[in-house]
Amino acid sequence: MTGAEILIECLKREGVQVMFGYPGGSVLPLFDKLYDADIKFILTRHEQGAAHAADGYARATGKVGVCLATSGPGATNLTTGIANAYMDSIPMVAITGQVKTFLIGNDAFQEADVTGITRPITKHNYLVKDVKDLARIVREAFYIASTGRPGPVLIDIPVDVQQKDIEFIWPEEVDIRGYKPTYFGHPGQIKKAVRLIAESKKPLIYAGGGTITSGAYNKLRELAEKIQAPVTMTLMGLGGFPGTHELSLGMLGMHGTAYANHAIMESDLIIAVAARFDDRVTGRLDAFAPHAKIIHIDIDPASISKNVKVDIPIVGDAKNILGQLLEEIKKVPDTSDWRKTIESWKKKHPLQYKDDAKIKPQYVIEQIYEATGGEAIITTEVGQNQMWACQWYKYIHPRTFISSGGLGTMGFGFPAAIGAKMGCPEKIVFDIAGDGSIQMNIQELATCISNKINVKVAILNNGYLGMVRQWQELFYKKRYSYTCITGPDFVKLAESYGALGLRATKKEEVRPAIEKALSADNTVFIDFHIEPEEDVFPMVPAGEAINRMIGGMA
Ligand SMILES: Cc1ncc(C[n+]2csc(CCOP(=O)(O)OP(=O)(O)O)c2C)c(N)n1
Ligand SMILES: [Mg+2]
């Protein structure tokens with residue numbers, strides 16, 4: 001078999017059903033084999049779109065997302081998407097073509113040092129110099145991408161390696177020296193954690209994205225209910241615990257709920273489940289959780305005590321460890337006073353906005369929530385639209401909220417929605433977008449139409465790079481330096497691609513537009529003309545303690 005044939009065969013054996021990408025000179029042998037391979041290939045309109053689509057597919061399904069690009073500019077166009085997947089620990093395999101082996105280092109046409117460029121943004125990467133290594137490398141790449149703390153792995157394959165003939169041998173086993181993730185928590189640490197839980201009066205579960213990755217949803221719920229501890233989630237953790245549950249405090253951090261942030265400050269025991277204490281969550285580090293002991297469950301030992309020093313680290317898979325804790329916990333704490341306090345905060349300081357005759361973005365999201373019964377997959381762009389989507393839609397199931405957390409990549413949500421829809425065709429997929437972000441990968445409308453990928457895009461059109469404008473309003477004396485932004489007529493633009501374009505300029509048009517979008521058997525853009533200077537509150541100013549919120553509790 002040729003290298004190209006071996007690659008396709010390996011992808012099939014890894015269970016790859018769909019991949020996203022773009023052709024070019026250095027991947028011609030591969031594309032020739034893709035022509036009649038039984039893997040669905042989605043031709044995007046930009047390689048960044050392909051990487052985000054693979055990422056969205058992975059987030060929605062839990063499988064490894066696969067993207068493919070040519071050498072040089074094709075590969076560099078993937079990098080934002082790779083970095084995005086890396087920051088959010090998403091399993092992805094990115095395959096790039098490379099110039100012929102004997103040309104590498106020659107400044108050949110469309111040559112870029114892709115393994116060099118992607119070293120800091122991949123979990124691992126490979127340059128395949130000899131076709132005899134190809135099958136093993138593909139096997140390892142999928143294994144590394146999907147085990148331990150997941151992440152993107154890149155395989156760079158020179159054209160001549162794709163063309164060379166060799167006997168195909170499928171490596172049954174994967175054995176990588178020095179790579180042995182720990183899956184179960186140390187029994188001694190479990191015992192210590194159980195003791196702390198029993199002694200605590202104000203326990204709080206702080207759940208991150210790993211809750212979803214590890215499939216810990218049911219176990220997390222069991223634990224929360226058993227010890228009667230409230231649960232707050234990071235952006236990545238939304239959907240890891242039902243947002244409709246009475247123990248849910250919603251999201252914490254910079255734009256978290258006032259009661260979640262106050263709970264952190266008052267808690268005497270924080271159980272961090274597969275969360276990494278990101279600065280958008282902790283706020284000023286030396287003021288974070290002053291009264292709490294911290295138990296930190298994480299599969300990646302490198303994330304333990306990286307930002308916040310913890311008392312009881314437990315390294316391993318979150319689902320397994322929660323199971324171990326549940327088995328060991330005999331004595332549960334009495335948290336009734338603690339829950340009463342939090343209930344009163346919830347009542348006094350709920351998330352709120354001034355609902356008036358104008359179209360408020362929060363209202364639009366509430367309407368999308370109601371119209372979809374909370375059952376849609378929501379993707380987001382980045383900015384205010386993203387934060388409102390975190391606050392105003394309640395995520396009930398895991399893998400229903402897909403958003404660029406660590407990197408904060410504008411232009412992520414639309415291609416990610418395409419990937420999510422490919423992975424979950426039976427689900428409604430809604431991208432909650434900003435008018436700025438959507439313009440960063442708007443070309444993927446053509447991908448939707450030509451592949452009949454039915455996604456809905458709600459553009460919260462404020463005429464601004466709203467989140468940056470909000471910071472300028474609050475911290476730069478309203479000097480709106482280059483944050484007023486124009487765009488196309490989104491309705492006409494959608495129509496020109498063959499999609500349905502809708503617009504709402506009055507409040508009473510909001511719900512009918514959503515209903516119409518849902519009933520359309522087509523990709524839909526809805527252009528919501530929202531209140532231009534609406535802000536996201538509460539807000540913790542950068543560098544402040546997380547209970548020092550603007551628009552939160554005093
Ligand atoms: C690729 C990229 N460039 C720049 C930024 C910085 N940034 C963060 S939010 C934002 C504004 C986004 O505007 P829009 O999409 O209209 O969303 P809004 O905040 O108005 O809802 C910008 C420029 C970013 N996050 N990503
Ligand atoms: Mg905007």
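So here's what we get for this one:
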read-out: Hits in the range 434-458 - residues which are within 16 Å of ligand 2 (Cβ to nearest atom) and not small (Gly, Ala, Ser); value: 435, 438, 439, 440, 441, 442, 457
read-out: In the range 125-166, the residues that are more than 23 Å from residue 28 (Cβ to Cβ) and part of a loop (DSSP other than H, G, I, E, B); value: 147, 148, 149, 150, 151
read-out: Condition met for residue 249 (of a type outside the set (Asp, Glu), in a strand (DSSP E or B) and either in the same structural domain as residue 331 (by TED's automatic domain parsing) or under 20 Å from residue 193 (Cα atoms) (or both)); value: yes
read-out: Residue match in the range 459-471 (condition: among the β-branched types (Val, Ile, Thr), within 13 Å of ligand 2 (Cβ to nearest atom) and part of a helix (DSSP H, G or I)); value: yes
read-out: Search result, residues across the range 75-103 that are in a helix (DSSP H, G or I), within 30 Å of residue 164 (Cα to Cα), of a type in the set (S, T, N, Q) and out of contact with any His (no Cβ under 7 Å at 6 or more places or on another chain); value: 76, 79, 101
read-out: Residue satisfying condition, being surrounded by 22 or more Cβ atoms within 10 Å (Cβ to Cβ), at pLDDT 95 or above and charged (D, E, K, R), within set 107, 113, 130, 88; value: 88
read-out: The range 341-393: number of residues that are β-branched (Val, Ile, Thr) and within 14 Å of ligand 1 (Cβ to nearest atom); value: 6
read-out: Qualifying residue in the range 368-381 (condition: outside the structural domain of residue 280 (by TED's automatic domain parsing), farther than 22 Å from residue 55 by Cβ and of a type in the set (Phe, Trp, Tyr)); value: yes
read-out: Test result for residue 495, touching a residue at least 24 places away in the same chain (Cβ under 8 Å), of a type in the set (Asp, Glu) and in a helix (DSSP H, G or I); value: no
read-out: Residues located in the range 266-302, provided they are outside any strand (DSSP E or B), at positive phi and not aliphatic (A, V, I, L, M); value: 277
read-out: Unmet criterion (only one of (1) at pLDDT 95 or above; (2) part of a loop (DSSP other than H, G, I, E, B); (3) more than 17 Å from residue 223 (Cα to Cα)) for residue 185; value: (3)
read-out: Test: residue in the range 311-333 that is under 27 Å from residue 344 (Cα atoms), in contact with a strand residue (DSSP E or B) (Cβ under 8 Å, 6 or more places away or on another chain) and in contact (Cβ under 8 Å) with a residue 40 or more places away in the chain; value: yes
read-out: Members of the range 541-554 found to be farther than 24 Å from residue 463 by Cα and either assigned to a loop (DSSP other than H, G, I, E, B) or polar (S, T, N, Q) (or both), listed by number; value: 542, 543, 544, 546, 547, 548, 549, 552, 553, 554
read-out: Filter result for the condition that a residue is without any contact (Cβ under 8 Å) to a residue 40 or more places away in the chain, away from ligand 2 (no atom under 16 Å from the Cβ) and buried (at least 18 other Cβ atoms within 10 Å of the Cβ), over 395, 369; value: 369
read-out: Single residue of the range 424-473 satisfying the filter (within 11 Å of ligand 1 (Cβ to nearest atom) and of a type in the set (Ser, Thr, Tyr)) that is surrounded by the most Cβ atoms within 10 Å (Cβ to Cβ); value: 437
read-out: Pair list, Cβ under 6 Å, 6 or more apart: the range 154-178 residue loosely packed, with under 12 Cβ neighbours inside 10 Å, other residue modelled with pLDDT of 95 or more and not in a helix (DSSP H, G or I); value: 165/2
read-out: First in the range 267-290 and in contact (Cβ under 8 Å) with a residue 60 or more places away in the chain and in the same structural domain as residue 214 (by TED's automatic domain parsing), second anywhere and outside any loop (DSSP other than H, G, I, E, B) and among the acidic types (Asp, Glu), Cβ under 7 Å, 6 or more apart; value: 274/298
read-out: Every pair of residues 6+ apart whose Cβ atoms lie under 7 Å, when the first sits in the range 450-475 and is farther than 24 Å from residue 514 by Cβ while the second is among the β-branched types (Val, Ile, Thr) and within 12 Å of ligand 2 (Cβ to nearest atom); value: 465/483; 465/485; 468/483; 469/483; 470/536; 472/483
read-out: Residue within the range 512-535 that is out of contact with any Pro (no Cβ under 7 Å at 6 or more places or on another chain), more than 16 Å from ligand 2 (Cβ to nearest atom), small (Gly, Ala, Ser) and not in a helix (DSSP H, G or I) present; value: yes
read-out: Options 527, 535, 521; residue that is farther than 26 Å from residue 444 by Cβ and modelled with pLDDT of 95 or more; value: 535
read-out: Yes/no for residue 35 being in contact with a His (Cβ under 9 Å, 6 or more places away or on another chain) and under 22 Å from residue 160 (Cα atoms); value: no
read-out: Index of the failed condition, residue 488 passing every other in (1) away from ligand 1 (no atom under 14 Å from the Cβ); (2) part of a loop (DSSP other than H, G, I, E, B); value: (1)
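The values are calculated or read from the model by the stated rules, or taken from the named source; none is laboratory data. This is a predicted model, so every value here is computed, not measured. Positions of Cβ are backbone-derived with ideal geometry, glycine not excepted, and every protein chain shown enters the neighbour counts.
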